[in-house]
Amino acid sequence: MTIALTTSASKLDADVTKVMKSQKTVYGPMKDALKESRQYRWLQRFGKSGTHVFVIKISERTRAADWFWEAWKTLHEGVVREQLPTRLDVRIPQLGTSVRLALPEEDEPGSEATLAILNPEAVIDTCWKMLEGVFDHDKVGRDTDVGLAWKMEDGKLDWLAFDTTVEGRPRPWAILAGLARQSTSLIGIGSVELQARRARHQPIWAKLEDGTVAQEPPGIEGFLIRHKTAAAPKETVYIATHDGNVFTSHTQTAHPPLQPGRTQSLPRDVFPDLHEAHLDSERFRMAQFIQQSTGCVDLRDLEVIKLVSDLEESTSAKDQQSFEIHLSTGEKARFEAHSPETAKEWVERLLKLSEYWKRRHRIE
C-alpha cells in the first residue's frame, strides 16, 4: 500500500518552473501548494543536482492499485502498449487448467474497448464460456460465487476485491493495474499468476481422512451469568462463537440480533435482495461485537465442557442450569443460563464446535 516515485532534481526543477510561469488558471491552486512545499524551497536553495523520492502511503490496497495504475499510465504515455504482455493467462485451480486470453494490440490499454474486454467480470464470463465447452456444467460450477486473485510467489492471494472506487465509480482497470505492476522491472514481484477462484475461499466444511465431509456446526450466542471470585461473585456477559473462537463482551456492547416475530420470515428464494441485505447487516453486527469484545478463547483450547450437575453430581436447580469450561491452560470458567434446557444446549453446541475445529486444524 506504499508507492514510491523517483525523479531527478533537474527534471523536477524544470516541471516546477513550467507550472510557476504558466498563466493557466488551472495551475492556481498548484502554485500555492508548491510555494509552501519543502521540495520547492530545496530546489531554490540547493540547485538541480540529486534525486528526489516521493513516498506515498495509502490506507487501502484497492486505492493504492488505482493510484499506481494512473501514475504508471502517465509515466508510460505513448508506449503503454509495449510495456504490457500480449496475452493474459488465467489459472483455474478448481479444474487444474488455464485459459489464455489475447490482449488487444492496437488499442491503448486504458481505452474503453480494452476495458470492456479486460474488466474482471468480463474476464470471468469469457473463461467460463470457454470451459463449458470442455467440462461438464456441474464440474465448472459457474453458479458459485467466483472472484479473481493474484497469487504471489509465497502463496499469498491478493484479491480483486472491489468493483468500484471509494467514490463509487467503476474500476474496470483492476486487472490492468496488476499487469502494470508486473511490467515494472524495478519491482521484484517474482512469479505471479492471475487465478479465478471460489470467492468463498474460507470453507465452512472439512474433509476428513476417510473422505467424508464434516460441515461446520451452527454457532451459538446469548447472555449468560459468569460466576467469578468471592469479591465479585457474578456478572452478566454476552458470549458468541465465530470462526473457531469464543468471544466475550459486556452487556452494553453485546449487539444481540433482533428477535424475529411470529409471522416474520425471510425466504431466500422469494426475497433474495432482502436476504442479502439481512446477511450484510449480520456481518456488520458481528464485526461490531468482535471489535468491542473483552475476551477471546480458541475453541480448540476447550478441554472440558460439562454441566455443573454432572461434574459435582448435584441435583440443585442452580447447578442444573450452570455449566463449566476447562481450558488447556488450566483455567476454569463457570456460566449460568436462565434454564436447564438452555444450559444443556450451550454444552452440546460448544462440544460439537470444539470437536469440529480440532479436526479441521489437524487436517489443514
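The values are calculated or read from the model by the stated rules, or taken from the named source; none is laboratory data. Computed from a prediction, not measured in an experiment: that's the story for all the values here. Cβ placement follows ideal geometry from the backbone for every residue including glycine, while neighbour counts extend to all protein chains displayed. Note: areas computed on protein heavy atoms with side chains; ligands, DNA, RNA excluded. Shrake-Rupley method; radii C 1.70, N 1.55, O 1.52, S 1.80 Å.
Kindly indicate whether P172 is assigned to a loop (DSSP other than H, G, I, E, B), modelled with pLDDT of 85 or more and surrounded by 13 or more Cβ atoms within 10 Å (Cβ to Cβ).
Details: assigned to a loop (DSSP other than H, G, I, E, B): yes; modelled with pLDDT of 85 or more: yes; surrounded by 13 or more Cβ atoms within 10 Å (Cβ to Cβ): yes.
Criteria met by P172.
Could you list, in sequence order, the residues of segment 14-29 that are open to solvent by 30 Å² or more (accessible area, probe 1.4 Å) and either closer than 27 Å to S49 by Cα or within 41 Å of the chain's Cα centre (by Cα) (or both)? Spell out how you get there, then give the answer.
Initial filter on segment 14-29 (open to solvent by 30 Å² or more (accessible area, probe 1.4 Å)): 14-15, 17-18, 20-21, 23-27, 29.
Listed by number, the residues that qualify are A14, D15, T17, K18, M20, K21, V26, Y27, P29.
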Tabulated pairs, segment 1-28, first on the phi < 0 side of the Ramachandran plot, second part of a loop (DSSP other than H, G, I, E, B) and open to solvent by 100 Å² or more (accessible area, probe 1.4 Å), C-beta under 6 angstrom, 6+ apart or interchain:
A9/K48; S10/K48; D13/K48
So, of the residues in segment 150-162 that are in a loop (DSSP other than H, G, I, E, B) and more than 14 Å from the chain's Cα centre (by Cα), which turns out to be surrounded by the most Cβ atoms within 10 Å (Cβ to Cβ)?
M152
Could you look through segment 205-241, keep only residues that are of a type in the set (S, T, Y) and part of a strand (DSSP E or B), and pick out the one that is nearest to the chain's Cα centre (by Cα)?
T241
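Out of all the residues in segment 45-56, which are surrounded by fewer than 10 Cβ atoms within 10 Å (Cβ to Cβ) and out of contact with any strand residue (DSSP E or B) (no Cβ under 6 Å at 6 or more places or on another chain)?
Applying the first criterion (surrounded by fewer than 10 Cβ atoms within 10 Å (Cβ to Cβ)) to segment 45-56 yields 45, 49, 53, 55.
Answer for segment 45-56, where residues must be surrounded by fewer than 10 Cβ atoms within 10 Å (Cβ to Cβ) and out of contact with any strand residue (DSSP E or B) (no Cβ under 6 Å at 6 or more places or on another chain): R45, S49.
Restricting attention to segment 12-26, which residues are part of a helix (DSSP H, G or I) and touching a Lys or Arg at 6+ places or on another chain (Cβ under 9 Å)? Steps first, please.
Of all residues in segment 12-26, those part of a helix (DSSP H, G or I) come to 12-21, 25-26.
Hits for segment 12-26 are L12, D13, A14, V19, M20.
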What's the number of the condition D32 fails, among (1) over 14 Å from L176 (Cα atoms); (2) touching a residue at least 60 places away in the same chain (Cβ under 8 Å); (3) assigned to a helix (DSSP H, G or I); (4) of a type outside the set (A, V, I, L, M, F, W, C)?
(2)
Going by what's in this entry, would L353 be described as touching a Gly at 6+ places or on another chain (Cβ under 9 Å), buried (at least 19 other Cβ atoms within 10 Å of the Cβ) and within 26 Å of A206 (Cβ to Cβ)?
yes
